[in-house]
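Before any comments, here is the structure.
The values are calculated or read from the model by the stated rules, or taken from the named source; none is laboratory data. Not measured: the values here are computed from a predicted model. Cβ sites come from the backbone with ideal geometry, for glycine too, and all protein chains shown count toward neighbours. Remember, those area values only see protein heavy atoms, side chains included, never the ligands or the DNA or RNA. Shrake-Rupley method; radii C 1.70, N 1.55, O 1.52, S 1.80 Å.
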Amino acid sequence: MAPVHVATSAGQYPIHIAPGRLQHVADSVPANATRLVIISNPVVDGLYGNALRQALADLNKPVFTIIVPDGESFKSLDTLNTIYDRMLSEKLDRRAVILALGGGVIGDMAGFAAATYMRGIRYMQIPTTLLAQVDSSVGGKTAVNHPLGKNMIGAFYQPVSVDIDIHVLRTLPAREVSAGLAEVIKYGLILDRAFFEWCESNVAQLVALDADTLAYAIARCCELKAQVVSADEKETGLRAILNLGHTFGHAIEAGLGFGTWLHGEAVACGLVQAAVLSGKLLGLSAADIERVRALVRAIGCPDIAPDLGEDSWLDFMQGDKKTEGGEIRYVLLPAIGQAVVQAAPLNLVQETLSETVGDIAIDRSAVQTRDMTATQA
Ligand code: NAD
Ligand code: GLY
């Protein structure tokens, strides 16, 4: 498959997507790199660290690995400091290159370490979750969390390459697959009605991790994200549409406590809530709202939001980075395949909450079988 290219202010970089790409990562390493630093966590390093180190061996460059604890709660300034400590004690120079091997947590944190170490060194993204392959590894948003807000300390800083190996998804827990598929659906909803319809038709194969179906979906998401990032690298306008479902979703994550629902699960539910609000404000049809709900259910994600209490909902949504001058701005859908960003009257938001919040039962029946048959890559 031909690489997808992302054009940015600092030049363009390739996204390579292929089964087995991990074995060819050396092709993406800049020739003048002095040392290579793999940043990963124990789970991903245990599964794929040796394969990556083996793939780099022929380059004859010194490689060392920094392992940080697994989980969103470790995407923090404290963990980042341990990364700086190690890089400084290893006396890494400015031509060292970081390789981020993991999901969005590793990618965001390693990217921010690269953005800030000696005012910026190069880094490569090697995403190993579906969410990271279709979204977080592309576009240069890097960050760590602050106790007062998710992703609040960060930088726009683009990688030199993204290498996506579809085979690594075979070991991903089913719940993480569902969460990644929420971001896949998102691209169809905001930019490409035909892709949304393709997802509806191919949802069983997506959930089952059929390699050809996945390869097409990942490539289409990367193409769409590359177009948006190339047009608006630093989110002065268009890029905000990538946050469909995230205003509601971030409120769910924060309201329940980060990690209770996965980011993608909260976004999936937020897609339904954004569709309901779009119906009230922009006339999205009842049939289209139902299609969004049905696809969210089909990927095994929740379509009913938790009851945080109306005041808490509004309070948490206020904390969204799209809020301007105290006014919450939502990504909304005039139709499937089109998105706008705008404020909404409070009474319509209240109606949306009352219609989308309720007793939660997540139907994971679609993903159980695949989970049991998952093989090691
Ligand atoms: P994650 O990085 O926590 O990974 C999920 C879990 O899967 C982890 O336990 C991880 O160890 C494990 N894992 C990773 N790859 C695996 C594999 N191949 N096999 C088995 N297990 C594997 O979560 P995520 O969903 O990838 O990323 C979420 C993060 O991404 C959040 O912090 C979010 O803020 C961020 N994000 C960033 C952007 C962006 O544009 N930068 C976009 C979306 C999300
Ligand atoms: N995930 C949203 C963005 O990259 O802008």
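Details
- ³J(HN,Hα), Karplus 6.51/-1.76/1.60, whole Hz, each residue of region 194-210, x for Gly, Pro: 4, 5, 4, 5, 4, 4, 4, 6, 10, 5, 5, 5, 5, 4, 7, 6, 4
- Annotation: per residue accessible area for region 1-149 equals 41 Å², rounded to a whole number [probe 1.4 Å, protein chains only].
- The calculated FRET efficiency for the pair LYS91 and LYS234, based on their C-beta separation and a Förster distance of 35 Å, comes to about 0.60.
- For VAL357, the residues whose amide H sits under 5 Å from its own are ALA305, ignoring neighbours fewer than 5 places away on the same chain, with H placed 1.01 Å from N.
- Computed [θ] at 222 nm, deg cm²/dmol, the chain (DSSP H ≥ 4; -39,500 (n - 2.57); rounded to nearest 500): -13000 deg cm²/dmol
- Each of LEU348, THR171, VAL63 was placed along the dipole of the chain (beta-carbon charges, centred on the mean Cα), and the one lying farthest toward the positive end is VAL63.
- For region 121-180, a simple Cβ point-charge model (Lys and Arg +1, Asp and Glu -1, everything else neutral) yields a dipole of about 140 debye relative to the Cα centre.
- Taking the accessible area of the chain, probe 1.4 Å, and keeping the other protein chains in place, the carbon and sulfur fraction comes to 52%.
- FRET efficiency for the ALA287 to TYR84 pair, using the beta carbon distance and R₀ = 56 Å, is estimated at 0.60.
- Taking every DSSP beta bridge that has both ends in the chain, the antiparallel portion is near 40%.
- When the chain is described by a simple charge dipole with +1 on each Lys and Arg Cβ and -1 on each Asp and Glu Cβ, the residue from LEU242, GLY255, GLY319 located farthest towards its positive end is LEU242.
- Projecting the Cα positions of LEU148, TYR84, LEU47 onto the charge dipole of region 26-171 (unit charges on Cβ atoms of Lys, Arg, Asp and Glu, taken about the Cα centre) puts TYR84 furthest along the positive direction.
- Rounded to the nearest whole Hz, the Karplus-based 3J(HN,Hα) values (6.51 cos²θ - 1.76 cosθ + 1.60, θ = phi - 60°) of region 242-247 follow the sequence 5, 9, 3, x, 7, 5, with x at glycine and proline.
- Charged side chains reduced to their Cβ positions (Lys and Arg at +1, Asp and Glu at -1) give region 103-202 a dipole of some 360 debye around its Cα centre.
- Cross-link pairs LYS150/LYS234; LYS75/LYS321; LYS91/LYS150; LYS141/LYS280; LYS61/LYS141 - those with Cα-Cα distance over 20 Å: LYS91/LYS150; LYS141/LYS280; LYS61/LYS141
- For the chain, a crude dipole built from +1 on the beta carbon of Lys and Arg and -1 on the beta carbon of Asp and Glu, taken about the Cα centre, is about 1240 debye to the nearest 20.
- Under the Karplus curve 6.51 cos²θ - 1.76 cosθ + 1.60, θ = phi - 60°, whole-Hz ³J(HN,Hα) for region 42-50, x wherever Gly or Pro sits: x, 5, 6, 4, x, 7, 10, x, 5
- Length added when fully stretched, ALA2-GLU327, from 0.36 nm per residue minus Cα-Cα: 112.7 nm
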